[in-house]
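These notes are about the structure you will find just below.
Computed from the coordinates by the stated procedures, all read-outs in this text should not be read as laboratory data. In this text, all values refer to a predicted model and were calculated from it rather than measured experimentally. Cβ sites come from the backbone with ideal geometry, for glycine too, and all protein chains shown count toward neighbours.
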Amino acid sequence: MKHSPKPWLIAEKIIYYKDQEGENWNICTMEPWRERGPDAALILAAADMLEALEGCERLLTALWNDGTLGDDINLTETRTAIAKAKGVNS
């Protein structure tokens, strides 16, 4: 499963993205807005957070593989969160 392309935008109660032709595609509608504003901010940042977490996982894996990090590093939670965001059963 692949998420909608970035950047994700927000207008009124709708989180959306624009395709290459400039057409808007809704990701979700947040109602009631007043109570859902913090959830909307989290959803709006989700694609960026996933990309950042994947970068951190790659870096930490490389450091662990070359012996820079000790044996106490555990990337299970990081990898589980990435899999969850991608809709992969772990």
Practice task
Please find, within the stretch 34-87, the residue that is nearest to TRP8 (Cα to Cα) out of those that are polar (S, T, N, Q) and surrounded by 15 or more Cβ atoms within 10 Å (Cβ to Cβ).
Solution key: THR78
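Looking at LEU59, LEU44, can you tell me which residue is under 18 Å from the mean Cα position of the chain (by Cα), farther than 16 Å from ALA85 by Cα and not in a strand (DSSP E or B)? I'd like the intermediate steps shown before the answer.
Working: LEU44 fails: farther than 16 Å from ALA85 by Cα.
So the residue among LEU59, LEU44 that is under 18 Å from the mean Cα position of the chain (by Cα), farther than 16 Å from ALA85 by Cα and not in a strand (DSSP E or B) is LEU59.
Quick one: how many residues across the stretch 32-41 are among the basic types (Lys, Arg) and either within 30 Å of THR76 (Cα to Cα) or under 18 Å from the mean Cα position of the chain (by Cα) (or both)? Give the derivation first.
Restricting attention to the stretch 32-41, the residues satisfying the condition of being among the basic types (Lys, Arg) are 34, 36.
Filter again for either within 30 Å of THR76 (Cα to Cα) or under 18 Å from the mean Cα position of the chain (by Cα) (or both), leaving none.
Total satisfying the criteria: 0.
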Practice task
Considering (1) out of contact with any strand residue (DSSP E or B) (no Cβ under 7 Å at 6 or more places or on another chain); (2) in a loop (DSSP other than H, G, I, E, B), say which one LEU53 fails and leave the rest.
Solution key: (2)
Practice task
Return yes or no: is LYS6 in contact with a strand residue (DSSP E or B) (Cβ under 8 Å, 6 or more places away or on another chain) and over 21 Å from ALA85 (Cβ atoms)?
Solution key: no
Completion exercise
When the stretch 78-90 is checked residue by residue, the ones that are part of a helix (DSSP H, G or I) and small (Gly, Ala, Ser) are ALA81, ALA83, ALA85
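So in the stretch 10-31, with the set limited to residues that are of a type in the set (A, V, I, L, M, F, W, C) and either within 13 Å of LEU44 (Cβ to Cβ) or loosely packed, with under 10 Cβ neighbours inside 10 Å (or both), which one is farthest from the chain's Cα centre (by Cα)?
First, the residues of the stretch 10-31 that are of a type in the set (A, V, I, L, M, F, W, C): 10-11, 14-15, 25, 27-28, 30.
Next cut, either within 13 Å of LEU44 (Cβ to Cβ) or loosely packed, with under 10 Cβ neighbours inside 10 Å (or both) only: 10-11, 14-15, 27-28, 30.
Working: ILE10: 16, ALA11: 20, ILE14: 18, ILE15: 14, ILE27: 13, CYS28: 15, MET30: 18 Å.
Within the stretch 10-31, the match that is farthest from the chain's Cα centre (by Cα) is ALA11.
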Completion exercise
When the stretch 10-41 is checked residue by residue, the ones that are part of a strand (DSSP E or B), closer than 20 Å to ALA85 by Cβ and free of Cβ contacts under 8 Å to residues at least 12 places away in the same chain are TYR16
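Mind listing whichever residues of the stretch 62-77 are more than 23 Å from ASN89 (Cβ to Cβ), not in a helix (DSSP H, G or I) and not hydroxyl-bearing (Ser, Thr, Tyr)? Give the steps one after another, and end with the answer.
Step one: of the stretch 62-77, the residues more than 23 Å from ASN89 (Cβ to Cβ) are 62-73.
So of that shortlist, the ones also not in a helix (DSSP H, G or I) come out as 66-73.
ASP66, GLY67, LEU69, GLY70, ASP71, ASP72, ILE73 - these are the residues of the stretch 62-77 that are more than 23 Å from ASN89 (Cβ to Cβ), not in a helix (DSSP H, G or I) and not hydroxyl-bearing (Ser, Thr, Tyr).
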